[in-house]
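Just so it is clear, none of the values below were taken in a lab; they were calculated from the coordinates. In this text, all values refer to a predicted model and were calculated from it rather than measured experimentally. Neighbour counts are summed over all protein chains in view; Cβ atoms, including those assigned to glycine, are modelled from backbone coordinates with ideal geometry.
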Amino acid sequence: MRKTNLFYLSGNDSNFLTFSNYTEFLTGVFLSTSSKMYPSSFLAFNLPFDEDHNADSFKKFLMCYYENKLAMLRDYMNENNEQWEKHHYTLNYLIEAIYKFFGQKIDTTYVGDITEQDYNGMYADTICIIDFNRYVSYKFDSEDGSFDYSSYSSNDILYGWNSNEITDTAIYDNSGTDMYNGYDPIITKVEKVEHKIDDISTAESIKFNCIIPLFDIYDINTTTYTASNEYDFTLDSGIANKTNTDKYMFYKNIPYGIWINNFTDENDLPKTIELNYDPVSKFGESWSLVISSKFSPFPYGVKSENGSDNSTDIANQHTYAELLSQQSTLYNKFNELLLSVTKLNTEMNEIRNSISQITNIENIDSLKKYVDDELDSLKKDIDANNAIINEQLANLKWKNIE
């Protein structure tokens with residue numbers, strides 16, 4: 001049985017909350033060799049926080065309503081032999097949760113694509129960038145425009161937990177047995193709004209205090225997957241609705257998490273970030289948020305050919321297999337060097353032991369004196385022997401007999 005995902009309400013980890021969507025799909029994709037998860041786009045909201053609707057209560061509402069609903073629906077569909085992947089309206093549910101908490105419809109202030117900056121294979125940053133070069137926002141609503149923003153109830157413990165583990169109360173759409181509105185979402189209408197820079201005649205600004213990054217699931221198996229025009233990863237086609245016939249829509253724009261500005265104002269509420277554009281100077285401010293950093297498990301190696309430096313060209317880098325081969329060669333060289341150092345160390349110890357065995361030798365000066373004395377004694381012996389030899393040789397010379 002699944003459990004409701006719990007969030008941090010304080011500390012450094014509390015300004016970015018990771019939804020269970022990421023961990024659920026991460027488990028499934030990890031077991032699939034032909035599926036990959038990629039960050040795709042992000043939504044920017046300027047949420048109207050106030051004393052009654054502060055950041056902590058908002059995080060708790062997402063946990064008790066949004067995450068509780070996802071946990072219950074996943075198990076419900078498994079028990080009824082329904083594919084969760086075919087009915088997971090996770091983005092729709094999240095928009096509904098935001099509307100319910102604040103009791104009003106809130107439009108996005110900016111929608112952009114997530115970019116990945118690769119630093120020559122060593123590591124990569126996943127970044128949400130907001131600027132005026134591509135100023136697009138979206139409006140969400142129900143098909144008939146009727147949605148009770150303040151309708152929800154609370155009772156019972158969070159799904160999967162018990163009172164001994166946690167005391168938070170679950171929040172539902174309705175009271176009674178039909179606690180949630182099934183898995184059909186209410187928010188199914190989306191309207192794209194483009195702000196063309198050339199048409200802006202007065203100063204304009206983008207205000208936000210909340211970022212929601214989204215990710216997509218790709219089938220990279222070239223045998224089982226054939227690209228088609230309907231595989232469109234734009235938000236207006238990715239929001240699920242009853243008339244959308246795109247068979248891939250359930251794998252698009254899945255909420256990865258939510259970032260809430262951790263800088264607060266005088267009322268301890270998240271500050272609103274404001275970016276301005278001046279149509280006279282054609283200058284617009286920009287802002288970025290790094291949501292993750294990925295380090296390569298084994299970096300690229302530089303392959304220089306004909307003395308040229310191709311370090312910036314990944315196509316001319318060593319392959320993973322080549323790097324492993326070179327690593328093995330380097331390891332062998334290291335072992336050879338280690339054996340040489342060990343041999344030198346052994347020989348040095350032998351020399352040290354030989355010197356220490358010389359009697360009455362305490363230092364190098366004594367050693368020099370000892371050697372000099374021995375040489376003097378040897379020289380005297382040689383001189384004495386030479387005198388005796390010379391005397392004997394003299395006696396062997398021919399002499400005249402008188």
Could you calculate the FRET efficiency of ASP56 with LEU324 from 1/(1 + (r/R0)^6), where r is the beta carbon distance between them and R0 is 51 Å, rounded to 0.05?
0.55
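Express in nm, to one decimal, how much length is gained between SER292 and SER14 on full extension, taking 0.36 nm for each residue of separation and deducting their alpha carbon distance.
98.6 nm
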At 0.36 nm per residue, and after removing the present C-alpha to C-alpha distance, how many nm does the segment from ALA124 to ASN80 gain when stretched out fully?
11.7 nm
Run the quick spin-label model on LYS3 and TYR180: label points 7 Å from Cα toward the beta carbon, then report their separation in nm to one decimal.
1.8 nm
Suppose the chain between ILE388 and ASN349 were pulled fully straight at 0.36 nm per residue; how much longer would it get relative to their current alpha carbon spacing?
9.6 nm
Using a ≥ b ≥ c from the Cα gyration tensor of the range 32-97 (square roots of the eigenvalues), is it rounded, prolate or oblate, where a/c under 1.5 gives rounded and otherwise the larger of a/b and b/c decides, a/b for prolate?
oblate
